[in-house]
Amino acid sequence: MPLRLLKYAWKKSEDEPRFFPDETPLKKAYDVVIIGGGGHGMACAYYLAKEHGITNVAVLEQGYIGGGNTGRNTTIVRSNYLTSEGVKFYDESLKLFEDLSDDFDLNIFYSTRGHFTLAHTDSAMRTMRWRAEVNKHHGIDSEVVDVETIQKEVPYMDMSCNGQHPVMGALYHAPGSVARHDAVAWGYARGAQQRGVEIHQKTRVTDIKTKGGKVVGVETDRGFVEAKKVISMVAGSTPRITEMLEIETPIEIFPLQACVTEPVKPFMDTIVVSGSLHVYVSQSSRGELVMGASVDPAELHSTRSTLDFVEGLTDQMMDLFPFTSRLKIMRQWAGMSDITPDFAPIMGKTDVEGFYLDAGWGTWGFKATPVSGKTMAYTVANDTPHELIKPFSLSRYADFKLVGEKGAASVGH
Amino acid sequence: MKLRLAPQPLEWIDRKSSVSFTFEGQTVSGFKGDVISSALWAQGRKVVGRSFKYHRRRGLLSFANHDINALLQAEDRPNVRADVVQAEDGMSLTAVNTFGSLASDKGALVEWIGKFLPVGFYYRAFYSPKFLFPKWERLIREMAGLGKVNTDWSEERKPKRYLHCDVVVIGAGPSGMAAAIAAAKQGVDVCLIDENPYIGGSLDYQYVNEDSQQLNRKYLKETVESMPNIQVITSSYVAGYYGDHWLGINTPDGLIKLSAQAVVVASGVFEQPAVFRNNDLPGVMNASAAQRLMARYAVAPCKEAVILTANPEGYRAALDLHKNGLVVKAILDTGKTAGESVVQAKSAGIPVFENAVLVEATGRKQLQGVTFEVGRLQHHLSCDGLLMSVGWAPAGAPLYQAGAKFGYNYTLEQLLPVELPEGVFACGRINGVFEIEDRIKDGEQAGTAAAQTVLGKEALAPVDYTAKSAHSDPYPIWPHPKGKEFVDFDEDIQIKDLKGAIAQGFDNIELMKRFSTIGMGPSQGKHSNMNGIRILAKLTGKTIDQTGSTTARPMFHPTPVSHLAGMRFRPERLTPLHSFHQQRNACFMEAGSWLRPEYYPTAETREASIAEEVSAVRNSVGLIDVSTLGKLEVFGRDAGELMDRLYTMRMSNMNVGASRYALMVDETGVVIDDGVAVRYSEEHFYVTTTTSTSDSAYRLIQKKVIEWGLKVTVLNRTGQIGAMNLAGPNSRKILAQLTDLDLSNDAFPYLAMRRAQVCGVEATLIRVGFVGELGYEIHTDSQSALKIWASIMEVGSEYGIKPFGVEAQRLLRLEKGHIIVGQDTDGLTNPFEANMPWSVHLKKPYFLGKPSLMKLKTLQNRTLVGFELLSKAHKDMPLESNLLIENGAMIGRVTSIGRSATLNKVIGLAMVETAFSEENQVLKIKLTDGRFVDAKVIKTPFYDPQGLLQKPDESNEGEAA
Ligand SMILES: Cc1cc2nc3c(=O)[nH]c(=O)nc-3n(C[C@H](O)[C@H](O)[C@H](O)COP(=O)(O)OP(=O)(O)OC[C@H]3O[C@@H](n4cnc5c(N)ncnc54)[C@H](O)[C@@H]3O)c2cc1C
């Protein structure tokens, strides 16, 4: 029994301080307004307050904290990306993740499981090798492993995949982890709030006002709020925000779905991803298998679930784990992922002075929550992009300086 | 048998045959037709499971599919729902999630330390020191989870079916049956679906002793069964509503995918438990559960009952017990219910306490009594059954998923649909209609309206049959200073847990769910969500509508993976020449869904076999199956325009009878496909794509045709056409023997296309040279491909012809420096980087990606170069994807590499920073083991740089044979 729990013998959990404040009126003006109370918005607020002493900040969230993609994602955290820019960026995030529970004084269940990306074809092997080489170059724990090694770690996997497209090898990334998504958002929110940041749920930004090309504030369904600096951290809703300022981005919105089985006792310790089969799976600490696939085939601004998705996913999953046919799917859901052409994020300043963008998180942005918050906070505080996110500026599309992460991002999240 | 009753009028069991199975090692017998739970209960086994967190003993609660107290482990599957799975001979079952056994579960120790484990306790500890977290996590994971998986279980798959109907009715209770009949009377096709094995709904268990209702039941059932245009699907539930009236229906035999034109939701309501101290003791159950036990399985819920109620349904349940000779000690009415059943219960001599307040249930391992208050007086009654009838919540998942809006009705104290999407109707209790006669009428009007939408008729304004008095208690929740009032039975969540969550700021319904885990268990909130909402509303001083509800997502009930997956269907595509490859024992590789010969094992080793194939092509002649290429035909007035817009080269100025390299880039200028285009006639092109892009290219082209509004038709003929490439200095001589076509350089020059008879079969011949020799691609209908292939092999034997596979071709093209899209290019490579500036015709007014390429032309910083390896040692052979390093920085990577016997060196292609792309630049390749080897940039093609061999003079060709 951990000592920390002993206090509850005489203290009730309801006597604990609130994570998030009660509803309060909006102030007339803030130094910084963050649109979107997902992980990214909360993390940015936290680091603004903690590292830059900027506390006159409001996070405006149309629904509830973490109710966007943060609360829908399958929480895979890894850094075995394909480009130098990506690898460095995500590696920093992993380092932050490792200490987050302590930082927050809240267990985010950061659970390092090891991450296999299976290759079933020559060309997939080639991509895995490429990633491994790039990763190793940057000191990331990442290697191509053979069938025997995989089989040893995941003995119950059918390496022949039912006779077709047998597994040829895999990219193995020991630091690959999962975490409790909500706790990440809550931890950041509580930390930000304790440092003076205001969090307003059920508050939707309906317009962004500018004067002479500079941001002056945001219109909300609770009235106008002045702010010279506004950050959009709304993932799947990005086009609706950028539209307000007539900023063009190449972001397209695709639904991304996931599902879980009924809980069973732990048997799967690693995270397994197969791009060819369009599936990935891990077992949550509650015992559910958490499973997902690639984005839906067509663009759509919707979080509806489809039958096709569970049909396809379960079918392919059984190629790897035939015995899962005896499990039951308990729940499925979808989020809207903001996909960029190069599968890398868009971060930093924009052409509108005082408007900062953090978007293009597609299927991969949960793992970036800490680093994105930290680097965006730096960028806003100093009005100059943090070194790590310079390659991810919106202007890279106009300048054709893309960061090609497709090979590492499409199904693997 | 202890609790088995005398035969019931409608019982589902067959008393003539018995079944016997084991539960926790002990033999249990029941009747055929019994579900596992009813067989257990009939024998007096009231503890059927342990609770999730505290491992408290649990009995039957709702005796419906979603009751997870009765979740069992079978030998062949986890999490068996004992309330709905029929008992079968030989089953061997245990409770899930016990440590030791059900009777003696070490997990119960958790309850002793329960006060250290407040809501969300796992967020508050275990993370420090960091190195211990994995151990704690392991423990937490072991404690969580329900059933056990045996990874040796074999795969199960059930075929799926499709069904179409005009009106689908979900739920076959009185309103659902009435709706089906009414719709069918309009002449439309109806499907009636119910999760129970028989239609009838609550008429099968709540009104069994009421003659007039049994007449209704008989009429409805018989009418449904007699109507040919009603298809009844029982033992099946709608797992999800997926938009546009597309339903996934889980049946015992697999999934049905049903498409309807209108949907009537008559799925009724879930009975909600009351929340009070020890409301989870075995013996405390929903009144409807008790009624189902009695009516369907002839099992008494208890011997001496106390009824806790807020509605006439509770009084009816009391009468049912009474009728079965069971003692009803008292009815505790939380208010002052009126109605016929109240009068009857009172006249049957059952004591009624109005305005009763529940204090607690008592008992150690099972229910032994109940304490309640009336006014200020406290009473205690001993009993072994406490039946709760305090309210209902909509079984609204299909409606929520269809996009219906719900609002709280204060008369009924129930959530009702207030806004329905087009083509979706609701009736019966989900609609707030409670009297059977009204439910029938409500069903009739919903069924009629649904049919009328299908028939395109105007529907009448509906009559409102909503009940005029409450059937739910507005707050059936009685906190107790000592706690243990369970709100969520799946997750062991008590009032204090919700209070704690709310007090800490998780006061939004979704946040409360996520923090406390209420509604996250296998029953997905079916008997906890409503009480959770009530508690949250009360504690935050909001209305139910302001509080809102969590989202009811699919699945309605957890649905087997084997059903959702269906039969395994991985089409494997075989080329029309497959039989030949098989005869030659080709070693096959997967290429998308195709199987292609990688090489033909003719020599000792793979390498030697490939080398022989390469040598045949270089020195005499070889033949390769290229049927897997994507093949598209483009017809129509705008065919030339479309081709111009799709490909980087100009296509509209191509002569009929010519071919041209076809390179496609996407909007960002990235290479996505290449192939060869030929022009059959002014308005008719034929173009190939790579094997792996045939589907994506076709999809993209179709999209573009629509976007651009062009008058053109694109046909995907990939599977209809077989193709082969005859290549090598002797290819012309062989082909000449099989066709009358003039093959002379003048008549059929390099890069020309001709239609001709080959072996008496119509074929398209294209004189191209991917492998760098004189060669002909021959495309013909797939039935005839083998004939041509066989003839070529026969005629070619004189020249030592060899079939060659993908590996030889890869080496041959590498010698020519030709790229493979997707291997030598990556997700960002444009044609300039791929070193193919000649393939981009920027003078064209427009093509896909042109605006990007205009810019990229000046921005090039990577270039695909050829290199030769300076070391010859075998161990120094780099692998594709090895990096190029300069001064510790990555400057590129190897994209292709091969040992060329023809040139007697290792050659390759590499994508490098342009600064390092000059000829003779030395590149340092980092091998996988970390060593470096040197390579030197050299010009491509490596082989036959002038391309003379592709267009030889016919007089001196074939010397080498
Ligand atoms: C099914 C699924 C699986 C995924 N799996 C992974 C994974 O395994 N690993 C990984 O790294 N990533 C994964 N992702 C991606 C990841 O979830 C997201 O990239 C990440 O959570 C984005 O966080 P965010 O804080 O930027 O956005 P969100 O969490 O979406 O937060 C944005 C918030 O903005 C709010 N908002 C929008 N518009 C307005 C407005 N006008 N006014 C006020 N508020 C507004 C929204 O309500 C929302 O709460 C997955 C995504 C999905 C959908």
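Brief remarks on what is shown
- All-pairs alpha carbon distance profile, segment B:263-330, 5 Å steps from 0, percent: 3, 15, 27, 25, 16, 7, 4, 2, 1
- For segment B:638-645, 3J(HN,Hα) computed residue by residue from phi via the Karplus equation (6.51, -1.76, 1.60; θ = phi - 60°) reads 9, 4, x, 4, 4, 4, 4, 6 Hz, glycine and proline entered as x.
- Accessible surface buried upon A-B contact (total; probe 1.4 Å; Å², nearest 100): 9600 Å²
- When chain A is treated as a GNM with alpha-carbon contacts under 10 Å, the residue of A:G360, A:G373, A:G63 showing the greatest mean-square fluctuation is A:G63.
- Scaling the Cα radius of gyration of segment A:10-77 by the globular reference 2.2 N^0.38 Å produces a ratio of 1.30.
- Bins of 10 Å from zero: percent of alpha-carbon pairs in chain A: 5, 23, 32, 24, 13, 4, 0
- Fraction in percent of alpha-carbon pairs per bin - 10 Å, chain B: 2, 10, 15, 16, 12, 10, 12, 12, 7, 3, 1, 0
- Within a Gaussian network of chain A (alpha carbon springs, distance under 10 Å), most fluctuating of A:L357, A:L300, A:L289: A:L300
- Averaging over all projection directions, the Cα-based convex hull of segment B:577-723 occupies 10.2 nm² in the image plane.
- Residue-level accessible surface for B:E142, protein heavy atoms, 1.4 Å, Å²: 70 Å²
- Normalised by residue number, the volume inside the convex hull of the Cα atoms of segment B:822-874 is 108 Å³ per residue.
- Contact order relative to length of segment B:529-595, as percent, for alpha carbon pairs under 8 angstrom and 6 or more apart: 24 percent
- Residues in chain B average 37 Å² of solvent-accessible surface per residue, probe 1.4 Å, ligands and nucleic acids excluded.
- Segment A:51-182: Rg to Rh, with Rh as the Kirkwood radius over Cα pairs: 1.07
- Neighbour count of at most 14 Cβ within 10 Å plus DSSP loop: longest chymotrypsin sites (Phe, Trp or Tyr not before Pro)-free window in chain B: B:1-409
- The charge dipole of the protein assembly as shown, taken about its Cα centre with unit charges on the Cβ atoms of Lys, Arg (+1), Asp and Glu (-1) only, comes to about 2820 debye.
- At a probe radius of 1.4 angstrom, the accessible area of chain A per residue rounds to 32 square angstrom.
- Long-range Cα-Cα pairs in segment A:273-337 (distance over 14 Å), rounded percent: 59 percent
- Net charge contributed by nearby residues that have their C-beta within less than 11 Å of B:A834 (K/R +1, D/E -1): -3
- The helix-only estimate of mean residue ellipticity at 222 nm for chain B, built from DSSP H runs of length n ≥ 4 each weighted as -39500 (n - 2.57), is -7000 deg cm²/dmol after division by the residue total.
- Cysteine residues of the protein assembly as shown whose Cβ has no partner cysteine Cβ closer than 4.7 Å: A:C44, A:C161, A:C259, B:C302, B:C383, B:C427, B:C587, B:C759.
- Fraction of alpha-carbon pairs over 16 Å apart in segment B:1-53 - percent: 41 percent
- The trypsin sites (Lys or Arg not before Pro) of segment B:783-884 meeting both criteria, a DSSP state outside H, G, I, E and B (loop) and at most 10 other C-beta atoms within 10 angstrom of the site's C-beta, are B:K843.
- Based on alpha carbons, the Rg and Dmax found for the protein assembly as shown are 35.3, 119 Å.
- Long pairs among A:K328/B:K53; B:K704/B:K816; A:K11/B:K46; B:K160/B:K711; A:K12/B:K106, criterion Cα-Cα beyond 30 Å: B:K704/B:K816; A:K11/B:K46; B:K160/B:K711
- When the Cα atoms of segment A:255-398 are aligned to their principal axes, the ranges along those axes come out at 56, 31, 24 Å in descending order.
- Percent accessible area from carbon and sulfur atoms, segment A:277-413, protein chains only, probe 1.4 Å: 53 percent
- Within segment B:295-385, the proportion of C-alpha pairs whose separation exceeds 18 Å stands at 42%.
- For chain B, the longest principal axis of the alpha carbon atoms and the long axis of helix B:694-708 meet at an angle near 80°.
- Calculated translational diffusion coefficient of segment A:1-117 (10 °C, 1.306 mPa s; Stokes-Einstein with Kirkwood radius over alpha-carbon pairs) equals 92 µm²/s.
- Within the accessible area of chain B (1.4 Å probe), percent carbon and sulfur: 52 percent
- Dipole magnitude for chain A: about 840 debye, using +1 per Lys or Arg Cβ and -1 per Asp or Glu Cβ, origin at the Cα centre.
- Placing one equal scatterer on every Cα of segment B:542-625 and applying the Debye formula, the log10 ratio I(q)/I(0) at q = 0.25 Å⁻¹ is -1.22.
- Nearest 10 degrees, 0 to 90: helix A:369-382 Cα axis against chain A principal axis: 30 degrees
- The convex hull drawn around the Cα atoms of segment A:79-132, when projected onto a plane and averaged over every direction, covers 4.4 nm².
- DSSP-assigned coil residues among GluC sites (Glu not before Pro) in segment B:652-726, each with at most 11 further Cβ atoms within 10 Å: B:E682
- Three semi-axes describe the equivalent ellipsoid of segment B:552-597; taken as square roots of 5 times the Cα gyration tensor eigenvalues and ordered largest first, they are 40, 9, 8 Å.
- Among A:K211, A:K27, A:K367, the largest mean-square fluctuation in a Gaussian network model of chain A, built with springs joining Cα atoms closer than 10 Å, belongs to A:K211.
- Cα centroid separation - segment B:293-333 against segment A:100-165, whole Å: 58 Å
- Of A:K265/B:K496; B:K32/B:K148; A:K88/B:K513; A:K374/A:K401; B:K441/B:K538; A:K136/A:K367, pairs whose Cα-Cα distance is over 25 Å: A:K265/B:K496; B:K32/B:K148; A:K88/B:K513; B:K441/B:K538
- Across chain A, the relative contact order, built from alpha-carbon pairs under 8 Å that are at least six residues apart, equals 23 percent.
- Taking the Kirkwood radius as Rh and the Cα radius of gyration as Rg, segment B:103-231 has a ratio of Rg/Rh equal to 1.29.
- Separation of alpha-carbon centers, segment B:73-129 and segment B:577-595, rounded to whole Å: 52 Å
- When the Cα convex hull of segment B:211-255 is projected onto planes of every orientation, the mean area is 4.6 nm².
- Segment B:439-548: translational diffusion in µm²/s, Stokes-Einstein, Kirkwood Rh over Cα pairs, 4 °C, 1.567 mPa s: 79 µm²/s
- Square roots of 5 times each gyration tensor eigenvalue, C-alpha, segment B:848-961, largest first, Å: 29, 24, 10
The values are calculated or read from the model by the stated rules, or taken from the named source; none is laboratory data. Predicted model only: the values in this text are computed from it and were never measured. A quick note on method: Cβ atoms are made from the backbone with ideal geometry, for glycine too, and the neighbour counts reach across all protein chains shown. All accessible areas refer to the heavy atoms of the entire protein, side chains included, with ligands and DNA or RNA removed. Shrake-Rupley method; radii C 1.70, N 1.55, O 1.52, S 1.80 Å.
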